[in-house]
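Engineer: Sending over a structure as structure tokens; questions will come in a sec.
The values are calculated or read from the model by the stated rules, or taken from the named source; none is laboratory data. All values derive from a computational prediction rather than experimental measurement. In this analysis, Cβ positions are derived from the backbone assuming ideal geometry, glycine residues included, and neighbour counts consider all displayed protein chains.
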Amino acid sequence: MLHRVHWLFVYGTLMPGRLRWPLVADDVASQRPATVVGTVYDTGFGYPALVLGGAGRVEGWLLGFDGAGADAVLDRLDEVEGPSYRRVAVTTEDGTAAVTYEWIGPPAVGFTALAGRWDREDER
């Protein structure tokens, strides 16, 4: 029986090889680079924040989860991401419908807007 693939756009610690990758690695059925419209910020706390919209482009990864297990993965990530982020629908620049975690509210004082990619070497 075929299950629908559910896509998650990640742009920080959940990307392949990063700090939180082990939280999803065993459940990922497919993965590929992707881009969404928005701005990514370095929070200064070891993780990024995404604000969708505007003129910027954010580079990240699409992680595909088999339909049978996608809800459990996303429920687990809702807890991991905490109250500063919300799960929202997004469409990547290649037209793929996905969900991602967006920062709630405006960027905080001390956040630094990045040029499209969060690339902390110490988080690999």
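Engineer: For residue 42, which of the numbered conditions (1) buried (at least 16 other Cβ atoms within 10 Å of the Cβ); (2) without any contact (Cβ under 8 Å) to a residue 12 or more places away in the chain fails to hold?
Structural biologist: (2)
Engineer: Could you say whether any residue in the stretch 52-68 is at pLDDT 95 or above, surrounded by 13 or more Cβ atoms within 10 Å (Cβ to Cβ) and of a type in the set (D, E, K, R)?
Structural biologist: yes
Engineer: State which residue is surrounded by the most Cβ atoms within 10 Å (Cβ to Cβ) when the search covers only the stretch 78-108 and only residues that are small (Gly, Ala, Ser) and more than 12 Å from the chain's Cα centre (by Cα).
Structural biologist: 84
Engineer: A further question on this structure: If a residue must be modelled with pLDDT under 90 and touching a His at 6+ places or on another chain (Cβ under 9 Å), how many such residues does the stretch 71-109 contain?
Structural biologist: 1
Engineer: Is it fair to say residue 47 is touching a strand residue (DSSP E or B) at 6+ places or on another chain (Cβ under 6 Å) and not β-branched (Val, Ile, Thr)?
Structural biologist: No, not satisfied.
Engineer: From the set of residues in the stretch 1-33 that are over 26 Å from residue 83 (Cβ atoms) and aliphatic (A, V, I, L, M), which is modelled with the lowest pLDDT?
Structural biologist: 1
Engineer: Return a yes/no flag: does the stretch 83-93 have any residue that is in a loop (DSSP other than H, G, I, E, B), of a type outside the set (Gly, Ala, Ser) and closer than 20 Å to residue 7 by Cα.
Structural biologist: yes
Engineer: Being assigned to a strand (DSSP E or B) and either out of contact with any Pro (no Cβ under 6 Å at 6 or more places or on another chain) or touching a residue at least 60 places away in the same chain (Cβ under 8 Å) (or both) narrows it down to one of 58, 73, 80, so name that one.
Structural biologist: 58
Engineer: Hey, can you tell me all the residues within the stretch 1-37 that are free of Cβ contacts under 8 Å to residues at least 60 places away in the same chain, part of a strand (DSSP E or B) and small (Gly, Ala, Ser)?
Structural biologist: 29, 30
Engineer: What are the residues in the stretch 7-42 that are of a type in the set (S, T, N, Q) and either over 11 Å from the mean Cα position of the chain (by Cα) or closer than 19 Å to residue 111 by Cα (or both), if any?
Structural biologist: The answer is 13, 30, 31, 39.
Engineer: Right, here's the next one. Can you name the condition, by its number, that residue 106 falls short on among (1) without any contact (Cβ under 8 Å) to a residue 60 or more places away in the chain; (2) more than 21 Å from residue 17 (Cα to Cα); (3) assigned to a strand (DSSP E or B)?
Structural biologist: For residue 106, the exception is condition (3).
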